[in-house]
């Protein structure tokens, strides 16, 4: 038995909070680490003690094992919980903890090292008799050999980073002509994310379900599984929705997959919580994908259907205590569904976002759990993963859980950086998901390209009316006027003119206050807004307005179906109009890995200009106009801020006109 009474959580955000809540309930002292960028984060406030380990970049803080270990030593910690991401699957860190006399709450360094390399893990699983996808996991990593092996496997083929996961260093290749470029991108991304560009190749199993089994083992070798999670709804190989149990699972299939997962864990003498991931094809055959030697992001759905606290079980296992749960004790009750809230803009191809959270209101209600690491007034940094929170619903049936989750998302308010809330609502309401038929191809089939809702004249009328009412209230306060005199003159009701920006288009709105409300005209469209008691009615229909907030000239609106941001323009200036079509600017803060063009190069729409690394992913910056590169103002391997000018393109039409003028 290894007793410890203090834990340093080597992580941040919602998972750091979640771990500390279970630890504190067990009477354990909680120690947090943080960066200057995270100084005011909730996990820092919650901890019994918090130690700063750097300014912001992960390489100099959360990924710096020496700084984390120094913090543990300075704080007198007896154990370390790595959470997920960062150092959680770093075998060297696990060993360093042990060498420093700290209990690492997780499996052994040997188990992490073995399963952390997809090539070695797959070889071990084949030896253990666990079904695996045909592919190549050899030592020869030359591009020619990899291309030849891909040909032997047959297209489509999947390129995967051997040393990592989470969609990074992964590319689907459908034709030989695309292999070399995809390999270069995967290798570059893997090297940056994991410090290794070793690759494996696998036959692409098209439109499978992604089903994973939660396993647990104690120090005596007693190993069980806690059922499955279906994580099929993914975008760019990143999970978006997870649920337990899987909609297509049968008792026999669960027993078969569970047995394979338990055998996989036993084959490496596993300790603690782990997840064995499988691809399940349409025939019912399943194949080993990988093993995550840590707590999973989606572990709450398992907790809700089993009634078990996985973090508490991890701590017990690390202390050497028996699991005290048999396979027969594991009974799945009801259904749970989780969605991940990301700071990303679906309208910009899900580009990660950074900035200030002006207002965050987490949903509440029966069967609702929210794991979040954010608060209003917090700055979302570009240094870290864009996931902000997880919203989980539990119900007696899948239908009840889904209804509760839809309702919770409608109640949720997130004003600040763009987020994927509305996209999640659309996913959950899609017939293919509702029926339980969604596979890993679901988002590609139904949301690519993403059908973005238009901002209607009714939306604009509501926004303009709210801004107008706020203006009038402010005027009444400063001018000491009676409310019934606002908006009126000796000639009757005054007409107000307002310019709103939606995307890049300014829209003129005319408003006139009446005794019964506000008349609004937008082009040919006419609307009437009236306040009745505590609710608003637009054209006779009740407005499902959950909240709204004015920040400078930006109005944020939250309805049950949509989050909207509209900008009030003053003095006729459009924010979009200041940007030239040939100016290519950094879409967000990040590290500029590569500049792909130089002055004088001819580019077409879609040409690759640069590669930006931000929020744990690499983003290709593409030309949106054709022409000649007039100037490259950025330097590769440098940090850039959102809005920094990277490349100036002289558009083709402009270049032609210039030549004609010279002639």
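Read the figures in this text as sums done on the coordinates, not as results from a lab. Bear in mind that the values here come from a model prediction, so they are computed numbers and not experimental data. Because the Cβ atoms are built from the backbone with ideal geometry, glycine has one as well, and the counts that use them run over all protein chains shown.
A prolate overall shape is assigned to region 134-203, the ratio a/c of its alpha-carbon gyration tensor axes (a ≥ b ≥ c) being 1.5 or greater and a/b exceeding b/c. With both residues required to sit in the chain, DSSP beta bridges show an antiparallel share near 90%.
Taking the mean number of other Cβ atoms within 10 Å as a proxy for protection, how do you rank 457-470, 162-175 from highest to lowest? Please report the intermediate quantities before stating the final value.
Details: 457-470: 21.4, 162-175: 19.4.
The packing order, highest mean first, is 457-470, 162-175.
Peptide packing: for 87-93, 553-559, 336-342, the average count of neighbouring Cβ atoms within 10 Å per residue gives the ranking 336-342, 87-93, 553-559, highest mean first.
The angle between the Cα long axis of helix 65-75 and the longest principal axis of the Cα atoms of the chain comes to about 90 degrees, rounded to the nearest 10. Packing order of peptides 275-287, 427-439, highest average first: 275-287, 427-439 (average count of other Cβ atoms within 10 Å over each peptide's residues). Rounded to the nearest 10 degrees, the inclination of helix 251-266 to the longest alpha-carbon principal axis of the chain is 70 degrees. Taking only the alpha carbons of region 249-310, we obtain Rg and Dmax values of 12.4, 34 Å in that order.
Modelled this way, with points 7 Å down the Cα-to-C-beta line, the labels at residue 474 and residue 152 are 7.0 nm from one another. Measuring between their Cα centroids, region 365-398 and region 103-177 lie 32 Å from each other. Extents of region 113-257, largest first, come to 44, 33, 28 Å (Cα atoms, principal axes, whole angstrom). Placing a pseudo-label 7 Å from each Cα along the Cα-to-Cβ vector at residue 583 and residue 282 gives an inter-label distance of 5.0 nm. Taking the Cα centre of each part, how many Å lie between region 1-44 and region 246-296? Computed from Cα coordinates, the inter-centre distance equals 29 Å. With each label modelled as a point 7 angstrom along the Cα→C-beta vector, the residue 128-residue 21 pair spans 3.1 nm.
One way to sum up the overall shape of region 6-105 is the equivalent ellipsoid from its Cα gyration tensor, whose semi-axes run 17, 16, 12 Å, largest first.
The helix-based estimate of mean residue ellipticity at 222 nm for the chain, built from -39,500 (n - 2.57) per DSSP H run of four or more residues and divided by its residue count, is -8500 deg cm²/dmol to the nearest 500. Two numbers describe the Cα atoms of the chain: Rg and Dmax, which are 27.3, 91 Å. Principal axis extents of the Cα atoms in region 387-457, from largest to smallest and rounded to whole angstrom, are 38, 28, 28. Estimated translational diffusion coefficient (Stokes-Einstein, Kirkwood radius over Cα pairs, 4 °C, 1.567 mPa s) of region 330-422: 93 µm² per second. The mean sequence separation of alpha-carbon pairs under 8 Å and at least six residues apart, normalised by the residue count of the chain, gives a relative contact order of 9 percent.
Once you keep just the Cα pairs under 8 angstrom separated by 6 or more residues, what percentage relative contact order results for region 6-105? Show your work: numbers first, answer last.
Working: 175 pairs, mean separation 29.3, N = 100.
Normalised by residue count, the contact order of region 6-105 is 29 percent.
Taking only the alpha carbons of region 491-568, we obtain Rg and Dmax values of 13.4, 41 Å in that order. Between residue 55 and residue 622, the contour length at 0.36 nm per residue exceeds the Cα-Cα span by 201.1 nm.
Relative to the longest principal axis of the Cα atoms of the chain, helix 13-25 runs at roughly 60 degrees.
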